[in-house]
Amino acid sequence: MSDSGGATASKYLAISGGVGGAKLALGLARVLAPHQLSIVTNTADDFDHLGLRICPDLDTVMYTLADLNNKEQGWGLEGETWNFLAALRNLGDETWFQLGDRDLATHLTRTAMLNQGLTLSEVTRYLCTKLGVNHQVFPMTDSRVATQVLLKAGGKLSFQHYFVRDRCQPEVVGFRFDNIDAATPSPAFQEVLHDPQLAAVIICPSNPFVSVDPVLSIPGIRNMLRDVAAPVIAVSPIVGGQALKGPTAKMMKELNMPQSAVSVARHYADLLDGFVLDHEDAELRPVVEDMGIATIVTSSVMITLKDRIQLAEDALSFSRTLTRGMSESS
Ligand code: FO1
């Protein structure tokens, strides 16, 4: 473990979406003790399906930290069976969203607990304890927020219909987070942002538009992140103009942005003290630094567990060189 607490700030907050963000979250969890790391996850992908509350990003982070995740697809559980889905298909029900037999237990438990009146934060804490996740994982909010994807062809799609059912094929012109104006940050999220021990905020390499923006759009959060004494850094989810995972680059094109890590840095520019670029994008360094954002260049493509740990260590060391409001290169 790198830090043991004490007089210097030693707590870190990671902001994560699903699969891409969870990879770095795992690296961070391997180098920071449970009391040093909090992971706040997007919940605007959440939806009710077949009567169950599904929270894909929370579950992906939780399963990844518990080492229960399906390593190939990123979401869902390793060694899953699909009898429920096959039976559902037989009955002529919708099967575009694949719910595995074991995964189903998580959704059933969560839905029952929410129906009993517990908050999503309370349910997530319970599930984490049961799955053996020792680091703090919590939702961005206990309020319901739902991403709507605004289509070039007109109209809108709910996020999972766009992402899973339609495989991100429709062209997009923007996103709307329903109910975001009424949402409040979850208690743990508020607490960590007010913790004098907070040493850095790390925006994981998640989709800026549909994974991180919902978190930043909760009223008060952007201002809190601007005001917090700890530096805020982001790891680019775009390397060499391609998304590490998912539709980020495609969305950039459709939103008329250059498909580049620079667009990510620009997107978060008002918050960032530091930005992590991959070796492949080393030539973009001066462009990002001209925005007043310090940079490091490292290997940010995470294939193995060693890659995740190395990137986590690089990001943490980088954050420790930064002082709020004063960008410096390392
Ligand atoms: N993603 C898919 O591409 N196809 C699926 O059938 C699917 C099912 C699924 C079930 C539970 C869960 O927690 C996640 C699931 N995901 C699936 C992942 C998913 O919805 C997305 O990766 C995220 O919403 C984007 O972060």
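No value in this document is a laboratory result; all are computed from the given coordinates. All of these numbers come straight from a predicted model, not from anything done at the bench. We place every Cβ from the backbone using ideal geometry, glycine too, and count neighbours over all the protein chains shown.
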Exercise. Debye sum, Cα scatterers, the stretch 169-314, no solvent: what log₁₀ I/I(0) at q = 0.14, 0.21 1/Å?
Worked result: -0.71, -1.41
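Which links in Lys23/Lys130; Lys23/Lys152; Lys152/Lys250; Lys130/Lys245 stretch past 23 Å when you go from one Cα to the other?
Values: Lys23/Lys130 21 Å; Lys23/Lys152 32 Å; Lys152/Lys250 13 Å; Lys130/Lys245 29 Å.
Table pairs above 23 Å Cα-Cα are Lys23/Lys152; Lys130/Lys245.
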Seminar exercise, completed: Under a Gaussian network model of the chain whose springs join Cα atoms within less than 10 Å, the largest fluctuation of Leu193, Leu277, Leu108 belongs to Leu108
For this session: Just add up the charged neighbours of Pro170: K/R +1, D/E -1, any other residue whose Cβ is under 14 Å from the Cβ of Pro170.
Result: +3
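Which trypsin sites (Lys or Arg not before Pro) from the stretch 18-105 combine a DSSP loop assignment with at most 10 other Cβ atoms within 10 Å? Show your work: numbers first, answer last.
Numbers: sites: Lys23, Arg30, Arg53, Lys71, Arg89, Arg102; in loops: Lys71.
Of the trypsin sites (Lys or Arg not before Pro), the ones in loops of the stretch 18-105 whose Cβ has at most 10 other Cβ atoms within 10 Å are Lys71.
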Problem set entry | Over the stretch 54-132: Rg over Rh, Cα atoms, Kirkwood Rh | 0.99
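Note down the relative contact order for the stretch 2-98 as a percent, whole number, built from C-alpha pairs under 8 angstrom at least six residues apart. All intermediate terms of the calculation are to be shown ahead of the outcome.
Working: 115 pairs, mean separation 21.5, N = 97.
That works out to 22 percent.
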Exercise. Any idea what Rg and Dmax come out to for the stretch 208-287 if you just take the C-alpha atoms, in Å?
Worked result: 12.9, 36
For this session: Only Cα pairs under 8 Å and at least 6 apart count here; give the relative contact order of the chain as a rounded whole percent.
Result: 19
For this session: Under a 10 Å cutoff between Cα atoms, tell me which one of Thr298, Thr95, Thr248 has the largest fluctuation in the Gaussian network model of the chain.
Result: Thr95
For this session: Rank these for me by crowding, Phe189, Phe163, going from fewest to most other beta carbons within 10 Å.
Result: Phe163, Phe189
For this session: Any chance you could list the semi-axes, whole Å, largest first, of the equivalent ellipsoid that the Cα gyration tensor gives for the stretch 1-93, using √(5λ)?
Result: 34, 14, 9
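Based on other C-beta atoms within 10 Å, arrange His135, His194, His35 from fewest to most.
Working: His135 21, His194 10, His35 15.
With the sparsest Cβ surroundings first, the list reads His194, His35, His135.
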Exercise. Across 5 Å bins from 0, what is the distribution of all Cα-Cα pair distances for the stretch 70-115, in whole percents?
Worked result: 5, 21, 23, 23, 20, 8, 1
Exercise. Once the stretch 145-240 is represented by equal point scatterers at the alpha-carbon sites, with solvent omitted, what log10 I(q)/I(0) does the Debye formula produce at q = 0.22 Å⁻¹?
Worked result: -1.16
Exercise. Taking other Cβ within 10 Å of each residue's Cβ, how do Cys128, Cys55, Cys168, Cys204 sort, fewest first?
Worked result: Cys168, Cys128, Cys55, Cys204
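Could you compute how fast the chain diffuses translationally, taking Rh as the Kirkwood radius over C-alpha pairs and applying Stokes-Einstein at 20 °C with viscosity 1.002 mPa s? Give it in µm² per second.
On the way: Rh = 20.1 Å.
Reported coefficient: 107 µm²/s.
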For this session: Give the long-range amide H neighbours of Ala234: residues separated by 5 or more places, or on another chain, with amide H under 5 Å away, using H modelled in the peptide plane at 1.01 Å from N.
Result: Ile203, Gly274, Phe275, Val276
Problem set entry | Choice from Thr304, Thr119, Thr109 showing the highest fluctuation, given a GNM over the chain with Cα pairs closer than 10 Å | Thr304
For this session: Report the normalised scattering of the stretch 1-155 as log10 I(q)/I(0) at q = 0.09, 0.17, 0.18 Å⁻¹, calculated by the Debye formula with identical scatterers on the alpha carbons.
Result: -0.32, -1.03, -1.12
